[in-house]
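Reading through the structure tokens given below for one structure.
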Protein chains: 6
Amino acid sequence: MIESTTPESADTVTVEDHLMIAHSLQGETFGPAQKLHGATYVVAATFQSPGLDGNNIVIDIGKARDLLHDLLDRFRYENLDELPELKGENTTTEFLCRYFHDRFAEKLEGLFTGRLTVALEESPVASAAYTAPVGNTPA
Amino acid sequence: MIESTTPESADTVTVEDHLMIAHSLQGETFGPAQKLHGATYVVAATFQSPGLDGNNIVIDIGKARDLLHDLLDRFRYENLDELPELKGENTTTEFLCRYFHDRFAEKLEGLFTGRLTVALEESPVASAAYTAPVGNTPA
Amino acid sequence: MIESTTPESADTVTVEDHLMIAHSLQGETFGPAQKLHGATYVVAATFQSPGLDGNNIVIDIGKARDLLHDLLDRFRYENLDELPELKGENTTTEFLCRYFHDRFAEKLEGLFTGRLTVALEESPVASAAYTAPVGNTPA
Amino acid sequence: MIESTTPESADTVTVEDHLMIAHSLQGETFGPAQKLHGATYVVAATFQSPGLDGNNIVIDIGKARDLLHDLLDRFRYENLDELPELKGENTTTEFLCRYFHDRFAEKLEGLFTGRLTVALEESPVASAAYTAPVGNTPA
Amino acid sequence: MIESTTPESADTVTVEDHLMIAHSLQGETFGPAQKLHGATYVVAATFQSPGLDGNNIVIDIGKARDLLHDLLDRFRYENLDELPELKGENTTTEFLCRYFHDRFAEKLEGLFTGRLTVALEESPVASAAYTAPVGNTPA
Amino acid sequence: MIESTTPESADTVTVEDHLMIAHSLQGETFGPAQKLHGATYVVAATFQSPGLDGNNIVIDIGKARDLLHDLLDRFRYENLDELPELKGENTTTEFLCRYFHDRFAEKLEGLFTGRLTVALEESPVASAAYTAPVGNTPA
């Protein structure tokens, strides 16, 4: 690995995909979004590491796009209210960022160590993101 | 009205809004989209006329935004499969362009005469549009 | 010129630039926009012709960008209310599309014959456009 | 087919994809672009017809995306200067719009009749498009 | 609150709005921008917290959009040079990020504790941002 | 300089430009991208500092745009495989972020001290970035 020249530096790669789902949110806070509605989510996954490998990459962009696509396939065109693994969860945009992040972390085991950010854009004026380390990394 | 200098010229104004809905599509053609899913639609309405009025406008942009917003309010956060007025319809993106167009034409009566285009973007890679004259216009 | 294979076909090239101006609008219709305010306009010029020349182009993209840039230089960072050539005009987005179109048509004399569209985006949710033939063209 | 309510109306569907290629352009007009360089082209295909079919669609969006993707596969990561079928051509953005249009028209035979527009965006400030009828259509 | 699983993780929500203003900048550095001109600013506010609340949210997106909209209402269609609270300030994009940030922090008291970023896009090629903690938070 | 009110705050300015190049990548990892192909890179440079100067700026936006434009001029319309200074390098998007970053750091000497991020978007679904301190700065 090409070590970073300083501890404050970072390299990132971002890939994007999208999916269309239905869901409803529970709780007065959500007002009309308590009704069964839906969203097109544009999903961006950002991989951050403290240096590049021998191929001058953080992660292969083609591979990263394929992995993200596979991850989202489970959820495309689904009503999230009816998926067993999401039963009882409020599938807010913030929650979905965390949920996709954690599922992605499993897929990335052995393939990537660093920080992973998963961002979901739900409309031209609203988005959310979750960032946390993945892999066997102390930081 | 400031007449166009040539019959082939045109003035347009476009305003945008968005909404989030759930629906399902009927027919083998639609594959996984036959399941109940959803979408964020970015809706663009384009008003075309053959000249400008005394205020140098096609239509007041603020008024046009308000009218579009009001039009979409009926559908925000709804499951289109359960709206009485859409019962039995395949609410494809193309259909929704026509449907919003026709509802908008009603709202615009007395306010705008010319061509109206309603475009819906359902994802970063797919959209549809419908264009037709509205108001008491021969062309 | 490579003639179009059918009379209904068309080739276009679009180039973009932007500028930042101040202005005010006269008339009750404009509500708060009657106050002196401003805008960043993203300006797109579309050149349409019924075929390509011997270089397989509608117009040289680099040349078109330069011409558009030069056109807008006169107006950058100006208060349109104080430009002599715009005195007494309501400089709405629609008007500016026409105005830039006509100034551009003068610059294009001898360089381009066909249809020219000038579109101005004033915000993420509002834009306008004007289209008309330029040059010595019967259509 | 649901006939349009007026001859001036139209329904469209647009799908997008992208590809990365190398090429050079011949002729002094092109200045530095005469050197071997490259581009990411965002390709948009718009299908226009005068009405919707029994499924309320112009063309199945999923099918249209697949067809466009297949069309571009032949050209991805290629040096256009070395493709036999493009030998001797100036592969300008305008030319490529026409070329992809005509290849797409072949793929669409029996699947779509109407107008097809192929647009290529080569940068945030420059794009081109070609539009012409495809299929066995009198208009 | 659902605590973050690691101290390096973070959840964010971003909402956007826009406004149109006039102003001038003082100082030779600003060249032609010393003249009275204007801008459309696209404003993005990002709320970052170290975990989600019982509703699985950082902040209610609808509420956040309303608060941002209210914040900007004071400045819409204004000439910033004439607002008493900005007299004598160079209202650069950077300054406005800080100014909107601090006004927003006041509005958010009791509603949000965490980091707030306010970003302003002034054109397709230029933007600025300011980020700092808000609320009664040690960091 | 206006000191930040807290150590966790930051001010940033971002400017953008783009360029079109050809290149090939070495190594099985890159699959079809091992062939000579090309890209349009949208390049964003973000300047981060812990406060604003007496003009209320991080860096003059016009100056920053000019500097970025000059930096990229060396590479526009080039085949990176044939540039002497890049001989033997795998010019991945990640590498180019670092390379442009380091060249930019040289140009910025005496003009800017803080953190610099260089981000390259290679397509609508893929990008990379590199961030590190520049100038005589301890952090």
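The values are calculated or read from the model by the stated rules, or taken from the named source; none is laboratory data. The structure displayed is predicted, hence computed values, not measured ones. Backbone-built Cβ (ideal geometry, glycine too); neighbour counts: all protein chains shown. We work out accessible area using only protein heavy atoms, side chains counted, and drop any ligands, DNA or RNA first. Shrake-Rupley method; radii C 1.70, N 1.55, O 1.52, S 1.80 Å.
Take the Cα radius of gyration of the protein assembly as shown and divide it by 2.2 N^0.38 Å, with N its residue count; two decimals is plenty.
Relative to the rule-of-thumb radius for its length, the protein assembly as shown sits at 0.93.
Treating the point 7 Å from Cα along Cα-beta-carbon as the label, what are the nm separations from C:Lys63 to the other copies, to one decimal?
With the label placed 7 Å along Cα→Cβ, C:Lys63 yields 3.8, 4.3, 4.3, 4.8, 6.0 nm.
Return the sequence-ordered ³J(HN,Hα) values of the range D:79-94 in whole Hz as given by the Karplus equation 6.51 cos²θ - 1.76 cosθ + 1.60 applied to θ = phi - 60°, using x for Gly and Pro.
Listing the rounded values in order: 8, 4, 4, 10, 7, x, 6, 10, 3, x, 8, 7, 7, 4, 4, 4 Hz.
Could you tell me the calculated FRET efficiency between D:Glu109 and D:Leu83, based on Cβ-Cβ distance and R0 = 25 angstrom, to the nearest 0.05?
So, using R0 = 25 Å, E works out to roughly 0.65.
Counting only protein heavy atoms, what percent of the accessible surface of the protein assembly as shown is carbon or sulfur at a 1.4 Å probe? Walk me through the intermediate numbers first.
Numbers: 16020 of 33600 Å².
Accessible surface attributable to carbon and sulfur in the protein assembly as shown totals 48 percent.
Treating only the Cα positions of the range D:1-103 as identical point scatterers, give the base-10 log of I(q)/I(0) from the Debye formula at each q in 0.11, 0.15, 0.20, 0.23 Å⁻¹.
-0.46, -0.71, -0.99, -1.20
What does the charge count near F:Thr93 come to, summing +1 for each Lys or Arg and -1 for each Asp or Glu among other residues with Cβ under 9 Å from its Cβ?
Result for the local shell: -3.
Using a probe radius of 1.4 Å on protein heavy atoms only, what is the accessible area buried between chains F and A, both sides summed, to the nearest 100 Å²? If you can, show how the numbers build up before the last one.
Values: alone 8210 and 8220 Å², together 14700 Å².
For chain F against chain A, roughly 1700 Å² becomes buried.
Tell me the accessible surface of C:Thr29 in square angstrom (1.4 angstrom probe, heavy atoms of protein chains only), to the nearest ten.
We get 60 Å² for C:Thr29.
Straight distance only, please: which aspartates and glutamates reach the Cα of C:Lys107 with their own Cα at less than 12 Å, same-chain residues fewer than 8 apart left out?
Counting by Cα, and skipping residues close in sequence, C:Lys107 has these aspartates and glutamates nearby: C:Asp66, C:Asp70.
Mind checking which chain B residue has its Cβ closest to the axis relating B to F, and how many whole Å off it is?
B:Pro124, 3
Apply the Karplus curve 6.51 cos²θ - 1.76 cosθ + 1.60, θ = phi - 60°, to the phi angles in the range B:10-24 and return the couplings in whole Hz, x for Gly and Pro.
Once θ is set to phi - 60°, the couplings for the range B:10-24 become 7, 10, 9, 10, 10, 10, 10, 8, 8, 8, 10, 9, 10, 5, 9 Hz.
Given only helices, namely DSSP H runs of n ≥ 4 each adding -39500 (n - 2.57), what is the per-residue ellipticity at 222 nm of chain D, to the nearest 500 deg cm²/dmol?
So the helix-based figure for chain D works out to -6500 deg cm²/dmol.
Check which residues have an amide H placed less than 5 Å from A:His18's amide H, if you skip close sequence neighbours.
HN-HN under 5 Å from A:His18: A:Val43.
Could you list the trypsin sites (Lys or Arg not before Pro) in the range C:79-139 that lie in coil according to DSSP, counting only those with at most 15 other Cβ atoms within 10 Å of their Cβ?
Answer by residue number: C:Lys87.
Suppose the chain between E:Arg74 and E:Asp102 were pulled fully straight at 0.36 nm per residue; how much longer would it get relative to their current alpha carbon spacing? Spell out each step's value before the answer.
Values: separation 28, 0.36 × 28 = 10.08 nm, distance 1.42 nm.
In short, 8.7 nm is gained.
So how do A:Ile61, F:Ile21 rank on accessible area, 1.4 Å probe, biggest first, that is with the largest at the start?
Result, largest first: A:Ile61, F:Ile21.
Under 14 Å from the Cβ of A:Lys35, count the other residues' Cβ atoms, weight Lys and Arg +1, Asp and Glu -1, and hand me the total. If you can, show how the numbers build up before the last one.
Details: positive: B:Arg74, B:Arg76; negative: A:Glu28, A:Asp81, B:Asp73, B:Glu78, B:Asp81, B:Glu82.
Here the count lands on -4.
If one computes the Cα centroid of the range D:68-139 and of the range B:54-102, what distance in Å separates the two points?
That distance is 33 Å.
Any idea what diffusion coefficient the range E:99-139 gets from Stokes-Einstein, in µm²/s, Kirkwood Rh on alpha carbon pairs, 10 °C, 1.306 mPa s?
For these conditions, the coefficient is 144 µm²/s.
Where the label is 7 Å out from Cα toward Cβ, how close does A:Gly135 come to the same position in every other copy, in nm, shortest first?
3.2, 3.2, 5.0, 5.5, 6.1
Sorted from shortest, what are the nm distances separating the label point of B:Glu28 from equivalent points in the other copies, each placed 7 Å from Cα along Cα to C-beta?
Copy-to-copy label distances for B:Glu28: 4.2, 5.1, 6.2, 6.2, 7.8 nm.
Please compute the net charge surrounding D:Gly114, taking Lys and Arg as +1 and Asp and Glu as -1 over other residues with Cβ under 12 Å from its Cβ. Before the final figure, lay out the partial values.
On the way: positive: D:Arg115; negative: C:Glu8, D:Asp11, D:Asp53.
Once positives and negatives cancel, what remains is -2.
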